[in-house]
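Peer 1: This is the structure, below, for whatever I ask next.
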């Protein structure tokens with residue numbers, strides 16, 4: 001219906017005389033209305049007109065009236081505003097009646113238009129729908145929120161135990177008290193066998209407040225001693241087992257050599273009085289010496305830390321060190337060390353030295369990426385070589401503390417061992433516009449911009465476009481989802497390494513790197529394959545499980561059915577294992593824990609290898625291109641720090657490049673081992689707790705909450721990971737950085753110079769910490 005028709009509908013129903021006021025944007029609109037036949041319907045023809053521009057605020061106002069002589073007539077004003085702002089594109093005329101008290105006032109005439117009938121119906125409909133569905137939605141959300149709150153921190157289906165609030169949150173955030181003796185100093189050292197640990201408690205817990213025990217003897221004067229974790233390379237026993245002769249390597253101090261029997265770092269015999277024991281894992285089990293402790297000056301001073309006992313810690317760490325590192329090239333030092341000891345290592349994979357590091361890792365005739373690596377499990381007298389690869393990106397800022405840590409790592413792992421280990425850094429270049437593979441000059445310019453001069457000889461570059469070119473059929477190529485792709489190609493470029501440790505720049509080891517890594521390696525080598533995946537799935541808690549033999553027997557008791565444990569490859573549908581190791585017997589029940597003993601592990605992880613299917617871990621479903629999709633058999637180990645064999649990296653390469661299979665980074669090595677029957681081992685290294693959790697059964701419920709060690713919905717991995725924040729090792733640990741800063745002498749929730757004046761510099765057992773970022777005085781916790 002047009003505007004004119006609507007006006008006629010209203011005017012036709014009125015009795016004369018009538019007065020029509022027309023407000024329109026232009027005179028044309030007025031003339032159109034004035035000449036329309038609508039006005040002829042009035043008994044009297046219009047005989048006067050006048051302007052009343054103050055009556056309406058529109059650009060043009062006209063008034064056309066018929067006979068206004070009769071004051072008693074039903075006089076009505078009709079105002080029509082032609083505006084395009086009305087709903088649905090219609091202009092609605094408004095009927096304004098005259099009351100018994102006279103004409104309406106201007107405020108009444110000029111007030112805003114009321115809602116139309118259609119608008120009212122829409123509004124009422126929306127209100128009704130909201131009234132119906134809002135209570136339903138709110139009720140459902142509230143019920144889900146309450147259920148989730150009751151589950152968080154303690155796992156689905158876990159019994160409510162002492163130390164739980166009404167919503168199921170762990171009370172260590174609120175009421176679990178800090179352990180007092182996690183931060184002991186060198187002025188309080190006692191022999192390990194005389195120490196009374198503050199924690200864990202004897203039994204499930206200690207009721208009441210026990211009296212603080214005192215040490216009956218005077219504390220001995222702290223004197224650092226030598227720590228020699230290396231084998232006796234000159235002994236007849238070692239010479240019988242390995243080829244070649246150990247040759248000392250050149251030191252970072254010009255004119256000196258580094259000898260394994262005389263390492264630069266020192267250690268303190270004993271541990272601080274009342275020092276707690278590790279709650280998860282065991283130092284003794286994985287071959288670590290827990291009768292000594294490490295203090296910062298005796299460990300770091302040889303690498304440029306400085307004399308921090310007399311001067312305050314400066315941000316640049318340039319205190320009183322007298323060692324000049326100018327001109328030191330750690331790449332050349334490691335290469336020369338290997339050259340001196342080349343008779344100790346397998347001479348066959350030597351072609352990598354002729355390959356320029358800036359050469360793209362595809363299409364190079366000097367190496368065949370599709371070739372199978374040599375069998376690293378065959379018996380040989382050559383010493384295996386291991387690369388430790390640290391990962392960083394082109395925006396990473398190397399702090400003075402990072403530099404000190406790298407110097408120590410290279411010296412302990414590579415130079416003192418005669419080249420058994422070698423340290424590398426892979427830098428991920430995020431700027432894809434830089435042609436890092438174009439030539440040597442461009443490649444080196446990027447390295448010079450990012451890396452301190454002394455470490456430029458150990459750096460290799462990578463970027464996402466190169467991963468896409470190498471693994472074009474894989475679903476992911478970035479460093480988050482496909483972290484191991486650069487490591488797979490690194491292994492192809494460096495066949496001289498039998499094993500590669502994936503390391504991270506924010507990991508810190510208080511202790512000796514060679515001692516720690518060799519201890520994990522030797523322990524993993526001793527593990528039998530029978531029920532290995534089942535033991536791998538759980539945290540070992542000595543105060544709950546007893547000895548390792550008792551723990552293993554208990555795990556075995558959980559699987560009484562025949563063939564209920566993993567034995568050999570666990571293959572997805574239509575996937576064939578690549579050269580899988582063959583079990584010596586058909587069923588695990590026929591094996592007496594012999595298969596696998598003495599076999600090097602293809603994968604060593606620092607946290608349990610769990611089954612993510614059915615759990616709450618947010619990456620648990622991220623396996624691609626398998627027929628079974630979310631039901632594809634898989635395993636995962638959170639935190640990618642791990643040791644991988646050459647054979648495992650080759651199979652991961654084959655799966656990515658040829659079969660298009662891929663999983664999220666923290667699942668990829670473990671899942672590949674699971675599918676191809678390789679030996680994977682979780683090494684239960686010692687992990688300390690920041691607080692007193694009161695009940696050891698609570699800790700077991702939390703960290704081993706899944707059914708038979710599986711994660712499912714009860715597991716600590718997933719929505720319950722916040723329980724790790726008070727431990728020494730996990731990606732979200734907030735205590736790891738605090739503990740490391742306290743160890744360095746910073747004041748961080750305690751500690752500092754006044755504390756150390758009484759207790760001495762802080763001294764810790766061998767412990768690996770993660771994450772430790774930005775360790776400078778300006779970055780307070």
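The values are calculated or read from the model by the stated rules, or taken from the named source; none is laboratory data. All values reported here derive from a predicted model rather than from experimental measurement. We place every Cβ from the backbone using ideal geometry, glycine too, and count neighbours over all the protein chains shown.
Peer 1: Of (1) in contact (Cβ under 8 Å) with a residue 60 or more places away in the chain; (2) over 23 Å from the mean Cα position of the chain (by Cα); (3) farther than 28 Å from residue 202 by Cβ, residue 700 satisfies all except one. Which?
Peer 2: (3)
Peer 1: Looking at 150, 131 in this structure, which one is modelled with pLDDT of 55 or more, out of contact with any helix residue (DSSP H, G or I) (no Cβ under 9 Å at 6 or more places or on another chain) and either farther than 30 Å from residue 692 by Cβ or surrounded by 11 or more Cβ atoms within 10 Å (Cβ to Cβ) (or both)?
Peer 2: When all the criteria are applied, what remains is 131.
Peer 1: Within the range 465-483, does at least one residue satisfy the condition of being in contact (Cβ under 8 Å) with a residue 40 or more places away in the chain, in contact with a strand residue (DSSP E or B) (Cβ under 8 Å, 6 or more places away or on another chain) and assigned to a helix (DSSP H, G or I)?
Peer 2: Within the range 465-483, none of the residues are in contact (Cβ under 8 Å) with a residue 40 or more places away in the chain, in contact with a strand residue (DSSP E or B) (Cβ under 8 Å, 6 or more places away or on another chain) and assigned to a helix (DSSP H, G or I).
Peer 1: Could you grab the pairs with beta carbons closer than 8 Å, sequence gap of 6+ or different chains, first residue in the range 705-732 and at negative phi and modelled with pLDDT under 85, second one surrounded by 23 or more Cβ atoms within 10 Å (Cβ to Cβ) and part of a helix (DSSP H, G or I)?
Peer 2: These pairs meet every condition: 720/702.
Peer 1: How many of the residues making up the range 683-704 are closer than 18 Å to residue 500 by Cβ and outside any loop (DSSP other than H, G, I, E, B)?
Peer 2: Residues that pass the stated criteria total 0.
Peer 1: It is to be established whether one or more residues within the range 415-428 are assigned to a helix (DSSP H, G or I) and surrounded by fewer than 22 Cβ atoms within 10 Å (Cβ to Cβ).
Peer 2: no
Peer 1: Consider the range 447-464. How many of its residues are buried (at least 17 other Cβ atoms within 10 Å of the Cβ), modelled with pLDDT of 95 or more and part of a loop (DSSP other than H, G, I, E, B)?
Peer 2: Result for the range 447-464: 1.
Peer 1: Another one. Given the structure, is residue 200 surrounded by fewer than 12 Cβ atoms within 10 Å (Cβ to Cβ), modelled with pLDDT of 80 or more and closer than 23 Å to residue 750 by Cα?
Peer 2: Numbers: surrounded by fewer than 12 Cβ atoms within 10 Å (Cβ to Cβ): no; modelled with pLDDT of 80 or more: yes; closer than 23 Å to residue 750 by Cα: yes.
Here the answer is no, as residue 200 does not meet what is asked.
Peer 1: If residue 663 passes every condition in (1) more than 13 Å from residue 604 (Cα to Cα); (2) buried (at least 23 other Cβ atoms within 10 Å of the Cβ); (3) touching a residue at least 60 places away in the same chain (Cβ under 8 Å) but one, which one does it miss?
Peer 2: (3)
Peer 1: Give me a count of the residues in the range 528-565 that are within 30 Å of residue 659 (Cα to Cα) and either at pLDDT 95 or above or outside any loop (DSSP other than H, G, I, E, B) (or both).
Peer 2: Restricting attention to the range 528-565, the residues satisfying the condition of being within 30 Å of residue 659 (Cα to Cα) are 529-534, 536-537, 563-565.
Now narrow it down to the ones that are either at pLDDT 95 or above or outside any loop (DSSP other than H, G, I, E, B) (or both): 529-534, 536.
Within the range 528-565, residues that are within 30 Å of residue 659 (Cα to Cα) and either at pLDDT 95 or above or outside any loop (DSSP other than H, G, I, E, B) (or both) number 7.
Peer 1: Out of all the residues in the range 518-535, which are surrounded by 23 or more Cβ atoms within 10 Å (Cβ to Cβ) and in contact with a helix residue (DSSP H, G or I) (Cβ under 7 Å, 6 or more places away or on another chain)?
Peer 2: Matches in the range 518-535: 530, 535.
Peer 1: Condition test on residue 411, is it assigned to a helix (DSSP H, G or I), free of Cβ contacts under 8 Å to residues at least 12 places away in the same chain and either within 22 Å of residue 507 (Cα to Cα) or out of contact with any helix residue (DSSP H, G or I) (no Cβ under 9 Å at 6 or more places or on another chain) (or both)?
Peer 2: Details: assigned to a helix (DSSP H, G or I): yes; free of Cβ contacts under 8 Å to residues at least 12 places away in the same chain: no; either within 22 Å of residue 507 (Cα to Cα) or out of contact with any helix residue (DSSP H, G or I) (no Cβ under 9 Å at 6 or more places or on another chain) (or both): yes.
No: the conditions fail for residue 411.
Peer 1: Now, a different point. As an exercise: evaluate residue 268 against (1) in a loop (DSSP other than H, G, I, E, B); (2) farther than 24 Å from residue 524 by Cβ; (3) in contact with a helix residue (DSSP H, G or I) (Cβ under 9 Å, 6 or more places away or on another chain); (4) touching a residue at least 60 places away in the same chain (Cβ under 8 Å) and give the number of the one condition it does not meet.
Peer 2: Every listed condition holds for residue 268 apart from (1).
Peer 1: Only residues that are free of Cβ contacts under 8 Å to residues at least 60 places away in the same chain and either closer than 24 Å to residue 769 by Cα or assigned to a loop (DSSP other than H, G, I, E, B) (or both): list them for the range 614-635, please.
Peer 2: 619, 621, 626, 627, 628, 634
Peer 1: Next up: In contact (Cβ under 8 Å) with a residue 24 or more places away in the chain, buried (at least 16 other Cβ atoms within 10 Å of the Cβ) and in a loop (DSSP other than H, G, I, E, B): is that true of residue 213 in this structure?
Peer 2: Working: in contact (Cβ under 8 Å) with a residue 24 or more places away in the chain: yes; buried (at least 16 other Cβ atoms within 10 Å of the Cβ): no; in a loop (DSSP other than H, G, I, E, B): yes.
Criteria not met by residue 213.
Peer 1: Would you be able to tell me the number of residues in the range 484-512 that are closer than 22 Å to residue 279 by Cα and out of contact with any strand residue (DSSP E or B) (no Cβ under 7 Å at 6 or more places or on another chain)?
Peer 2: Of the residues in the range 484-512, 1 are closer than 22 Å to residue 279 by Cα and out of contact with any strand residue (DSSP E or B) (no Cβ under 7 Å at 6 or more places or on another chain).
Peer 1: So, one more: Assess whether residue 183 counts as being part of a strand (DSSP E or B) and either under 21 Å from residue 511 (Cα atoms) or free of Cβ contacts under 8 Å to residues at least 24 places away in the same chain (or both). Explain how you work it out, then say what you get.
Peer 2: Working: part of a strand (DSSP E or B): no; either under 21 Å from residue 511 (Cα atoms) or free of Cβ contacts under 8 Å to residues at least 24 places away in the same chain (or both): yes.
No.
Peer 1: State whether the residues of the range 433-446 include one that is assigned to a loop (DSSP other than H, G, I, E, B) and either in contact with a strand residue (DSSP E or B) (Cβ under 6 Å, 6 or more places away or on another chain) or modelled with pLDDT of 95 or more (or both).
Peer 2: yes
Peer 1: Scan the range 330-349 and give yes if some residue there is surrounded by 11 or more Cβ atoms within 10 Å (Cβ to Cβ), modelled with pLDDT under 90 and closer than 29 Å to residue 243 by Cβ, otherwise no.
Peer 2: yes
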